[in-house]
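One structure is given below, encoded as structure tokens.
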Protein chains: 2
Amino acid sequence: MKVLIIEDDPLHRSYLHEAVRAALPECDGVVEAENGGAGERLARDWKSAHIVMDLQMSPRNGIEAARTIWKERPETRILFWSNYSDEAYVRGVSRIVPVGAVYGYVLKSASDDRLKLALRSIFIESQCVIDREVRGMQQKSLGNINGFTEAEYEILVDIALGLTDRAIAHRRSLSVRSVQNRLQQLYVKLGVYQPLGNQGDDGRFNLRARAVAVALLRKLLNHNALERAEADLTTWLARQPHN
Amino acid sequence: MKVLIIEDDPLHRSYLHEAVRAALPECDGVVEAENGGAGERLARDWKSAHIVMDLQMSPRNGIEAARTIWKERPETRILFWSNYSDEAYVRGVSRIVPVGAVYGYVLKSASDDRLKLALRSIFIESQCVIDREVRGMQQKSLGNINGFTEAEYEILVDIALGLTDRAIAHRRSLSVRSVQNRLQQLYVKLGVYQPLGNQGDDGRFNLRARAVAVALLRKLLNHNALERAEADLTTWLARQPHN
DNA sequence: CGGGACCTTGCGGGATCCCGCAGAAAAGAT
DNA sequence: ATCTTTTCTGCGGGATCCCGCAAGGTCCCG
């Protein structure tokens with residue numbers, strides 16, 4: 001068995017290396033990559049079916065790398081080892097995991113033992129391991145109590161990118177009014193809605209901008225998610241009939 | 001000499017501990033804190049004049065901690081040891097460093113030796129040490145070539161928080177029109193400006209929202225900066241004559 | 001003192017946003 | 001098949017945003 005490590009921080013990388021060697025004595029080869037792009041290449045060359053990677057690298061973050069790796073070989077097992085349990089990350093990962101795939105998500109703050117246990121569970125026992133905290137995030141986001149529909153999330157991303165209602169309507173094949181409806185829902189769910197009528201108020205917010213702000217503060221969006229969205233947007237723009 | 005380490009990642013913390021011991025044999029005491037709040041308290045109790053800390057912790061990130069520490073004892077020497085050279089961080093730091101204070105900013109990606117050298121320079125030689133990359137950022141941001149005025153940065157933060165023009169005008173004691181002028185400048189500098197006239201275009205952006213998006217993508221703003229700004233905003237709101 | 005560079009402010013208008021209202025279409029439920 | 005619930009859609013209007021135009025104001029330089 002060979003294991004591929006994709007992690008940009010050298011300290012964490014060597015720690016991971018150590019942990020892998022200790023937890024998986026049957027492992028007979030460990031390779032390291034220090035960003036997503038290199039990771040994809042190594043995964044291809046080595047045909048490695050066992051990967052542990054960080055999210056948040058550059059260039060090519062973990063989610064992008066995982067997507068292309070899984071696209072090429074869906075049975076690959078990936079353990080995500082990340083600092084954060086931002087909803088943006090969790091959602092980003094669960095959006096790209098292939099059906100039936102074995103994967104894991106553990107936080108860097110987890111103990112030594114938990115990491116090693118996760119390694120064995122995923123690579124040997126073929127069992128998914130998701131950190132409690134992350135799992136909580138997942139349920140909050142999927143089970144729609146206080147959670148966001150895919151549609152709502154999508155429109156949130158669109159306004160975060162700075163698109164106008166019309167542009168969004170075009171992109172998502174909707175009428176402008178529908179876009180505005182979704183926006184209204186979003187405002188309500190984010191607790192940004194203005195109860196209407198209090199206009200002497202100086203502390204008034206621009207709902208559209210405010211929505212993005214609270215989404216960022218709540219880590220519903222983060223830098224990574226924005227980057228991915230921006231990339232998607234530009235490719236979409238490129239394939240549009242010019243003007 | 002005593003040294004205080006403020007860093008949330010245990011791996012990095014122990015690495016730092018090691019580096020301090022190796023670089024500063026004359027040091028006779030190292031204490032560790034794992035977030036800004038604890039760091040402030042320890043700094044007060046220990047009256048430590050030598051601190052090395054991460055930015056990006058929670059609760060109480062490095063900048064907040066440094067501000068209160070420097071407010072209480074401006075001669076404290078602080079080495080910031082961070083993953084990123086985001087303009088938001090660099091600007092945040094240089095905004096709070098007291099005149100004549102000795103401090104440093106080195107990236108975690110720097111070599112072992114550089115870190116140790118920085119430790120000696122700052123704590124022994126009383127000399128500031130700023131990483132090349134960070135220094136570049138600083139000059140780009142202060143030397144106004146492709147840089148942002150304090151005024152422009154301020155208004156950027158305000159729209160990122162979701163304030164309306166009127167609210168900003170009130171907060172900053174300007175007329176609404178002046179706010180809009182500053183916004184226009186900002187749009188130009190961010191390369192978001194719409195040359196006027198092409199209205200058949202579907203790929204149109206909402207300038208206000210788009211400005212925030214590119215600021216985030218360029219790391220002119222980041223999550224930390226937003227949090228600080230949001231905190232400032234709420235205290236400001238609280239002290240306003242109600243409604 | 002006059003001229004120039006810069007910032008601020010008001011005015012006006014076109015574009016966009018926000019959203020209540022109500023009919024049409026789609027998806028489920030009984 | 002019919003009813004209910006949800007979503008999509010157009011219309012209209014008030015608020016906001018974006019910005020060209022032009023009239024001061026301040027500061028500095030010659």
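The values are calculated or read from the model by the stated rules, or taken from the named source; none is laboratory data. It should be emphasised that the depicted structure is a prediction, and the values quoted were computed from it without experimental measurement. No Cβ is skipped: glycine too gets one built from the backbone with ideal geometry, and neighbour counts run over all protein chains shown. These area figures cover heavy atoms from the full protein model, side chains too; ligands, DNA and RNA do not enter into them. Shrake-Rupley method; radii C 1.70, N 1.55, O 1.52, S 1.80 Å.
Do you know which of the residues in segment B:27-45 that are more than 19 Å from B:GLY104 (Cα to Cα), in contact with a helix residue (DSSP H, G or I) (Cβ under 9 Å, 6 or more places away or on another chain) and of a type in the set (D, E, K, R) is surrounded by the fewest Cβ atoms within 10 Å (Cβ to Cβ)?
In this case the residue turns out to be B:ARG44.
Pairs, please: C-beta under 6 Å, at least 6 apart or cross-chain, first residue at positive phi and open to solvent by 30 Å² or more (accessible area, probe 1.4 Å) and in segment B:145-171, second within 14 Å of DNA strand D (Cβ to nearest atom) and not in a helix (DSSP H, G or I)?
Pairs that qualify, where the first residue is at positive phi and open to solvent by 30 Å² or more (accessible area, probe 1.4 Å) and the partner is within 14 Å of DNA strand D (Cβ to nearest atom) and not in a helix (DSSP H, G or I): there are none.
If a residue has to be acidic (Asp, Glu) and within 16 Å of A:SER48 (Cα to Cα) to count, how many in segment A:8-27 make the cut?
Adding up the residues that qualify gives 1.
Given the options A:VAL157, A:VAL134, A:VAL106, name the one that is away from DNA strand C (no atom under 13 Å from the Cβ), outside the structural domain of A:GLU230 (by TED's automatic domain parsing) and assigned to a helix (DSSP H, G or I).
Criteria check complete, one pass: A:VAL134.
Out of B:LEU226, B:LEU216, B:LEU220, B:LEU237, which single residue is surrounded by 13 or more Cβ atoms within 10 Å (Cβ to Cβ), facing another protein chain (nearest Cβ under 7 Å) and at pLDDT below 95?
B:LEU237
Listed here are the residues, each with its yes/no results for (1) at pLDDT below 95; (2) under 18 Å from the mean Cα position of the chain (by Cα); (3) among the aromatic types (Phe, Trp, Tyr); (4) under 24 Å from B:MET57 (Cα atoms).
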position: A:TRP70; (1), (2), (3), (4): no, yes, yes, no
position: A:GLY92; (1), (2), (3), (4): yes, yes, no, yes
position: A:LEU117; (1), (2), (3), (4): no, no, no, no
position: A:GLN138; (1), (2), (3), (4): yes, yes, no, yes
position: A:GLY143; (1), (2), (3), (4): yes, yes, no, no
position: A:GLY147; (1), (2), (3), (4): yes, yes, no, no
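Determine which member of the set A:SER94, A:SER58, A:SER82, A:SER48 is of a type in the set (S, T, N, Q), open to solvent by less than 30 Å² (accessible area, probe 1.4 Å) and touching a residue at least 40 places away in the same chain (Cβ under 8 Å).
Of A:SER94, A:SER58, A:SER82, A:SER48, the one residue that is of a type in the set (S, T, N, Q), open to solvent by less than 30 Å² (accessible area, probe 1.4 Å) and touching a residue at least 40 places away in the same chain (Cβ under 8 Å) is A:SER48.
Among residues belonging to segment A:172-202 that are outside any helix (DSSP H, G or I) and buried (at least 18 other Cβ atoms within 10 Å of the Cβ), point out the one that is modelled with the highest pLDDT.
Within segment A:172-202, the match that is modelled with the highest pLDDT is A:LEU190.
Quick one: in segment A:167-184, which of the residues that are within 12 Å of DNA strand D (Cβ to nearest atom) and under 23 Å from the mean Cα position of the chain (by Cα) is nearest to the other protein chains (Cβ to nearest Cβ)?
A:ILE168
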